[in-house]
Amino acid sequence: MTQTELFTISDLAREFDVTLRTIRFYEEQGLIEPQRDGRQRLFNRRDRARLRLILRGKRIGLSLAEIREIIDMYQLAHDEASQSQKLLDLLLARRRQLEAQRRDIDAVLEEIGALESHCRNVIGSQSSAA
């Protein structure tokens, strides 16, 4: 492996705009496994790709267990269709959850709008009465 294929923890933190602590946490969780050169962590392209998958999974709201399952699936299985099906199932479940949350948020926003309108009416009627 050449030096250009290795990345330091600082390189990855800068590239993905995360803290060193975040990367160390994912290492502690066994999601990435850097090489060691003394005390320095050296990450290869595979670690970099895994970190990208972890961060993408977190951004869409997957749990670390779900992310681990996806990563392990890609590492162990050679059947890309079954890997893609599992990922698709997780994504569809997450989409349903987010759509339900959106409906809840819309309902709350509608209620807030009604309360704001009521408050404005009360303020307006008391201001004109004074």
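Derivation of every value follows stated rules applied to the coordinates shown; laboratory data play no part. Only a predicted model underlies this, so the values are computations on that prediction, with no experimental measurement involved. A quick note on method: Cβ atoms are made from the backbone with ideal geometry, for glycine too, and the neighbour counts reach across all protein chains shown.
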Treating only the Cβ of Lys, Arg, Asp and Glu as charged (+1, +1, -1, -1), what charge dipole size does region 1-64 show about its Cα centre? Round to the nearest 20 debye.
180 debye
Where nothing but the Cβ of Lys and Arg (+1) and of Asp and Glu (-1) is charged, how large is the charge dipole of the chain around its Cα centre, in debye to the nearest 20?
340 debye
Loop-located trypsin sites (Lys or Arg not before Pro) in region 38-130, at most 10 other Cβ atoms within 10 Å (DSSP)
Arg39
The chain, helix-only ellipticity at 222 nm - DSSP H runs n ≥ 4, -39,500 (n - 2.57), divided by all residues, nearest 500
-25000 deg cm²/dmol
Among Leu98, Val122, Gly30, whose Cα lies farthest out toward the positive end of the dipole of the chain, if unit charges sit on the beta carbon of Lys, Arg (+1) and Asp, Glu (-1)?
Gly30
